[in-house]
Amino acid sequence: MAAGATIHTFDIDVAEVDRGVYDSITLRVARHPSETDAYMVTRVLAYCLELEEGIAFGGGISSTEEPAVLVRDATGSVTAWIEVGAPDAARLHFGSKLAGRVAVYTHRDPTKVLAAWEGKTIHRSGDIVVRSFEPAFIDTAVAALARRNTATVSVTEGQLYLDLNGVSASTGVHEHAIG
């Protein structure tokens, strides 16, 4: 954990109908001093939407060798590299060569994020999934944040429903292609 990090706890019920994933999880999230609340909310949502055996938070902001979220198999090999925000093309290239699957979850304008990668070498760029949420959705979630949080995350037919500390919001989960 980074020095000066603020710990946030999330008790989350996840019901992702689209993938058949149902679970209750508790996350202790260390928010680095340079990490915005919007980035942290997006990181927690990415974790929930990618939930599977072997998932963990990576070094993220403080690490150049790990993404915000990653999935390892039983041997310790990275099977999924999940970035948050607006990673540079070199990180995506590295992650795509290392893991079988790469995804990016962004709280930023996806057209600007995608434009930054134009003309850059990114291994298997066509296989990388970029997902975004509506800005008002992220703003609502940020406003509801506390140090100790209770949430329900439900996904059905590409629509995300969030109840965070009694505040409800929903958004489409928008997918974008690189290229």
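Since every read-out is calculated from the coordinates, none of them should be taken as a lab result. The model shown is predicted, which means the values in this text are computed figures rather than measured ones. With ideal geometry, Cβ positions are generated from the backbone for all residues, glycine too; neighbour counts draw on all protein chains shown.
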Report summary line: Surrounding charge for VAL129, neighbours by C-beta under 14 angstrom, Lys/Arg +1, Asp/Glu -1, total -1
Requested in this report: Rounded to the nearest 0.05, what FRET efficiency do HIS176 and ASP18 give with R0 = 22 Å and r taken as the Cβ-Cβ distance? Could you check?
Outcome: 0.80
Report task. Would you mind checking which residues have amide H under 5 Å from VAL21's amide H? H placed 1.01 Å from N; only 5 or more apart, or other chain. Result -> GLU16
Query - Within the chain, helix-based [θ] at 222 nm, where runs of 4 or more DSSP H residues each add -39,500 (n - 2.57), nearest 500 - result: -7000 deg cm²/dmol
Report task. Give the relative contact order (percent, whole number) for the chain; include only Cα pairs under 8 Å separated by 6+ residues. Result -> 21 percent
Report task. Return the long-range amide H neighbours of HIS107 (sequence gap of 5 or more, or a different chain), with a cut-off of under 5 Å between placed amide H atoms. Result -> GLY85
**Report entry** Net +/- balance of residues flanking ALA5 in space, Cβ distance below 10 Å, scoring K and R +1, D and E -1
**Finding:** 0
Query raised in the report: Tell me, what HN-Hα J-couplings in whole Hz come from the Karplus equation 6.51 cos²θ - 1.76 cosθ + 1.60 at θ = phi - 60° for each residue of region 89-104, using x for Gly and Pro?
Result: 4, 5, 5, 5, 4, 4, x, 5, 6, 7, 10, x, 9, 10, 9, 10
Query raised in the report: When the Cα atoms of the chain are enclosed in a convex hull and the volume is divided per residue, what value in Å³ results?
Result: 110 Å³
Report summary line: Ranked on Cβ counts within 10 Å of their own Cβ, fewest leading, SER34, SER132 go SER34, SER132
Report task. Measure off 7 Å from each Cα along the Cα-to-Cβ vector at ASP11 and THR75, then give the distance between these two points in nanometres to one decimal. Result -> 3.9 nm
Report summary line: HN-Hα couplings for region 67-78 via Karplus (6.51, -1.76, 1.60; θ = phi - 60°), in whole Hz with x for Gly/Pro, come out as x, 5, 9, 9, 10, 10, 7, 5, 8, x, 6, 6
Query raised in the report: Short version: ³J(HN,Hα) in whole Hz for each residue of region 34-51, in order, from phi by Karplus 6.51 cos²θ - 1.76 cosθ + 1.60 (θ = phi - 60°), x for Gly and Pro, what are they?
Result: 8, 8, 6, 4, 4, 5, 4, 4, 5, 5, 5, 5, 4, 4, 5, 6, 10, 3
Query raised in the report: So what's the net charge close to GLY100: Lys and Arg +1, Asp and Glu -1, counting the other residues with Cβ under 12 Å from its Cβ?
Result: +2
Query raised in the report: Based only on Cα atoms, what Rg/Rh ratio does region 94-179 have, Rh being taken as Kirkwood's radius?
Result: 1.05
Report summary line: Taking 20-28, 36-44 and ranking on average Cβ neighbours within 10 Å, highest first, one gets 36-44, 20-28
**Report entry** Footprinting exposure proxy for HIS174, HIS8 (fewest neighbouring C-beta atoms within 10 Å first)
**Finding:** HIS174, HIS8
Query raised in the report: By DSSP, what percent of the beta bridges with both residues in the chain are antiparallel, rounded to the nearest 5?
Result: 65 percent
Query raised in the report: How many angstrom separate the Cα center of region 1-38 from the Cα center of region 111-138?
Result: 22 Å
Query raised in the report: For helix 135-144, what angle does its Cα long axis make with the longest principal axis of the chain, in degrees from 0 to 90 and rounded to 10?
Result: 40 degrees
Query - Amide H within-cut-off set for VAL130, under 5 Å, with H built and near neighbours excluded - result: VAL104, HIS176
